[in-house]
1. So, Gln95, is that one within 16 Å of the ligand (Cβ to nearest atom) and surrounded by fewer than 12 Cβ atoms within 10 Å (Cβ to Cβ) or not?
2. What do you reckon, is Arg42 open to solvent by 70 Å² or more (accessible area, probe 1.4 Å) and without any contact (Cβ under 8 Å) to a residue 40 or more places away in the chain?
3. Condition check: assigned to a helix (DSSP H, G or I), farther than 29 Å from Ala40 by Cα and more than 18 Å from the chain's Cα centre (by Cα). Does Glu161 satisfy that?
4. Would you pick out the residues in the range 35-51 that are within 12 Å of the ligand (Cβ to nearest atom) and within 8 Å of the chain's Cα centre (by Cα)?
5. Within the range 121-133, work out how many residues are part of a strand (DSSP E or B) and either surrounded by 19 or more Cβ atoms within 10 Å (Cβ to Cβ) or in contact with a Pro (Cβ under 6 Å, 6 or more places away or on another chain) (or both).
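The values are calculated or read from the model by the stated rules, or taken from the named source; none is laboratory data. If you're wondering where the values come from, they're calculated on a predicted model, not measured in any experiment. Glycine also receives a Cβ, built like all others from the backbone with ideal geometry; neighbour counts cover every protein chain displayed. Protein only, heavy atoms only, side chains kept; ligands, DNA and RNA dropped before computing areas. Shrake-Rupley method; radii C 1.70, N 1.55, O 1.52, S 1.80 Å.
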Amino acid sequence: MGIDRLKTYREKRDFGITSEPAGGKASSGSQIFVVQKHNARRLHYDLRLEVNGVLKSWAVPKGPSTNPQDKRLAIETEDHPLEYASFEGVIPEGQYGAGTVIVWDIGFYENVTEKNGQAVPMTEALKSGHIALLLAGKKLKGGYALTRTKQGWILIKMKDELADSRDILQAEPRSVQSGMTIEEREKI
Ligand code: MN
């Protein structure tokens, strides 16, 4: 769709010879988001959003919700590399974040943050402490808001036709990548 901004990049290379990535669709307003379920010292979920070539990251102790009435604390953590989005496995004992990780949800997001009717770029939205997102994941869909408070960021599902009061963490516990639960992943 639209102009292929990676066309020149691909034309210059023979991907049968070079090991460089061919790249997918150049992002046009859509960036990767991922939610990883992480059974570390405490079970939590990590929300990551692609911003300027890295994954901005938050630890969400109670995990995301599809119910607009739930306010979920999201504690900002360090940026992760883009490749981390597909990471599943066991972080060894003694290492930072030791424990098992599965890709609980993955997809694309669109930054729909506005101020006075004007679109606000992600970097500014992050600085100002208010981000409106449209998620297109396998599980999480539709509008979400991230708002910074004194206690940390708060993640809330926006009221839209994709809001849902069921407990999605219980209903859909498996990895969207391997199909495994975190307990199953832990054992391999
Ligand atoms: Mn984590």
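1. Details: within 16 Å of the ligand (Cβ to nearest atom): yes; surrounded by fewer than 12 Cβ atoms within 10 Å (Cβ to Cβ): yes.
Answer is yes for this residue.
2. Numbers: open to solvent by 70 Å² or more (accessible area, probe 1.4 Å): yes; without any contact (Cβ under 8 Å) to a residue 40 or more places away in the chain: yes.
Yes, satisfied.
3. Numbers: assigned to a helix (DSSP H, G or I): no; farther than 29 Å from Ala40 by Cα: yes; more than 18 Å from the chain's Cα centre (by Cα): yes.
No, not satisfied.
4. Let us first name the residues in the range 35-51 that are within 12 Å of the ligand (Cβ to nearest atom), namely 35-48.
Answer for the range 35-51, where residues must be within 12 Å of the ligand (Cβ to nearest atom) and within 8 Å of the chain's Cα centre (by Cα): Val35, Gln36, Asp46, Leu47, Arg48.
5. Filtering the range 121-133 for residues part of a strand (DSSP E or B) gives 130-133.
When the remaining residues are screened for being either surrounded by 19 or more Cβ atoms within 10 Å (Cβ to Cβ) or in contact with a Pro (Cβ under 6 Å, 6 or more places away or on another chain) (or both), the result is 131, 133.
The total comes to 2.
Residues are listed down the side, and each one gets a yes or a no for (1) more than 16 Å from the ligand (Cβ to nearest atom); (2) open to solvent by 10 Å² or more (accessible area, probe 1.4 Å):
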{"site": "Lys62", "(1), (2)": "no, yes"}
{"site": "Ser65", "(1), (2)": "yes, yes"}
{"site": "Arg72", "(1), (2)": "no, yes"}
{"site": "Thr77", "(1), (2)": "no, yes"}
{"site": "Asp105", "(1), (2)": "no, no"}
{"site": "Asn116", "(1), (2)": "yes, yes"}
{"site": "Ala119", "(1), (2)": "yes, yes"}
